[in-house]
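> Before I ask anything, let me first share the structure, which is written out below as structure tokens.
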Amino acid sequence: MSDPTPNTPHDPYPQAPDYRPGGGQAPMSPQDERTWGLIAHAAPLGAMLASAGTLGFVGSLVVYVLYKDRGPFVRAHAANSLTVQITTAIILVISLPLMLLLVGFVTFGAALLYALVVHVIGCIKAYNGEWWTPPFTPRFVS
């Protein structure tokens, strides 16, 4: 049996016709970016409330990893959400030994309250399509 294109080299690993760098997923529409930006703040908020502040980072991390390459708006809000969670985790860990001095109970509660407020503001900003950087948080993720 003869090959119909004898002069064409054979490529054992052909790429899909719509291959895109960064996971091969198409960019999101602005409305989808706003929705996932909102979810980037709402998911850790729900996880924080369900786990006393210990698992909030999971929601932020999942949205960041899955959607960071799909659009700049969702990437910025997911990175901000993850940054808030990292900052909160650092404060919570520091608060644990401070609980022996009773100061840790105040800092623990203040860190959770701060994360709650910042995530609610982040949800509102993402829903409105506004770019926003949370106050009092260093840039751990970009």
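Values quoted throughout were computed directly from the atomic coordinates according to the rules given, and no laboratory measurement underlies them. Quick caveat, the model's predicted, so the values are computed rather than measured.
> With the Cα gyration tensor of segment 46-142 in hand, give its eigenvalues times 5 under a square root as the equivalent ellipsoid semi-axes, listed largest first in whole angstrom.
26, 13, 11
> Tell me, what ³J(HN,Hα) does each residue in segment 124-133 have, in order and in whole Hz, if you take phi through Karplus 6.51 cos²θ - 1.76 cosθ + 1.60 with θ = phi - 60° and put x for Gly and Pro?
Each residue of segment 124-133 in turn: 5, 5, 5, 4, 7, x, 9, 6, 7, 10 Hz.
> A further question on this structure: I'd like the Karplus ³J(HN,Hα) series for segment 68-77: coefficients 6.51, -1.76, 1.60, θ = phi - 60°, whole numbers in Hz, and an x wherever there's a Gly or Pro.
4, 9, 8, x, x, 5, 5, 4, 5, 6
> Using θ = phi - 60° and the Karplus curve 6.51 cos²θ - 1.76 cosθ + 1.60, what whole-Hz ³J(HN,Hα) does each residue of segment 91-101 get, with Gly and Pro shown as x?
Result, rounded to whole Hz: 5, 5, 5, 5, 5, 4, x, 5, 5, 5, 9.
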